[in-house]
Every structure is written in C-alpha cells, then in structure tokens.
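The values are calculated or read from the model by the stated rules, or taken from the named source; none is laboratory data. Remember, predicted model here, so these are calculated numbers, not experimental data. Positions of Cβ are generated from backbone atoms using ideal geometry, with glycine treated the same way; all protein chains shown enter the neighbour counts.
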Amino acid sequence: MATRESVSNLIQQCEDAIRFANDQLQVERAQEHYNENGYTDALHSLENAYNDLSKLALSANSQQREQLHRMRLQLQQLQNRMIVQPH
C-alpha cells in the first residue's frame, strides 16, 4: 500500500513538473524556437511524473488512486497542450 508521504511527495513532484512546463510554455511563446531544450526537458519531466503516478497508483487505496488520477489528468492535459502548441 502506498503511504500518505509517498503520495504527497509524488503530488509535489508533479506540481513542480507542471510549474516548470508552464514556465517553458510561456518562454516558448515569447522566444519561439530558441527554447527547444527547455521545452523538451519540460515534456520529459511531465512524462516521468505521469509514469511515476501510474506506478504508484497500482499500490494506492481508492482515495489515493482518485487523487493520483486527477493529477494524471492535469499532466496529460498540459502535455497535450505543449504538443499541439506550434513551436
């Protein structure tokens, strides 16, 4: 079973990845194609966080799974926005 601390730490990691990706999305809009490394790193951090959420959800209780699922949806939505965003 996933501990409350492990879920909390992973949620924090996901929030950090979302914040970094949002920052890179803003920079990308301002600088266009000059920020490709940061943009790619942000996409990788979102993907890593998504994969970690999926793994932890396997050992989580129903309440934790719901919390992880909502975070996973946020990550996925931002990933999609970054991929569709012309850059």
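Annotations
- Out of 67, 26, sole residue that is at pLDDT 95 or above and assigned to a helix (DSSP H, G or I): 67
- Residue list for region 58-87, filter: more than 17 Å from residue 15 (Cα to Cα) and touching a residue at least 12 places away in the same chain (Cβ under 8 Å): 59, 60, 61, 83, 85, 87
- Options 17, 2; residue that is among the hydrophobic types (A, V, I, L, M, F, W, C), buried (at least 17 other Cβ atoms within 10 Å of the Cβ) and outside any helix (DSSP H, G or I): 2
- In region 22-62, the residues that are over 13 Å from the mean Cα position of the chain (by Cα), farther than 17 Å from residue 83 by Cβ and either crowded, with 17+ Cβ neighbours inside 10 Å or not polar (S, T, N, Q) (or both): 30, 34, 55, 56, 57, 58, 60
- Residues of region 16-54 that turn out to be without any contact (Cβ under 8 Å) to a residue 12 or more places away in the chain and under 16 Å from residue 77 (Cβ atoms), as a count: 1
- Which numbered condition residue 19 misses (of (1) over 13 Å from the mean Cα position of the chain (by Cα); (2) charged (D, E, K, R); (3) within 28 Å of residue 64 (Cβ to Cβ)): (1)
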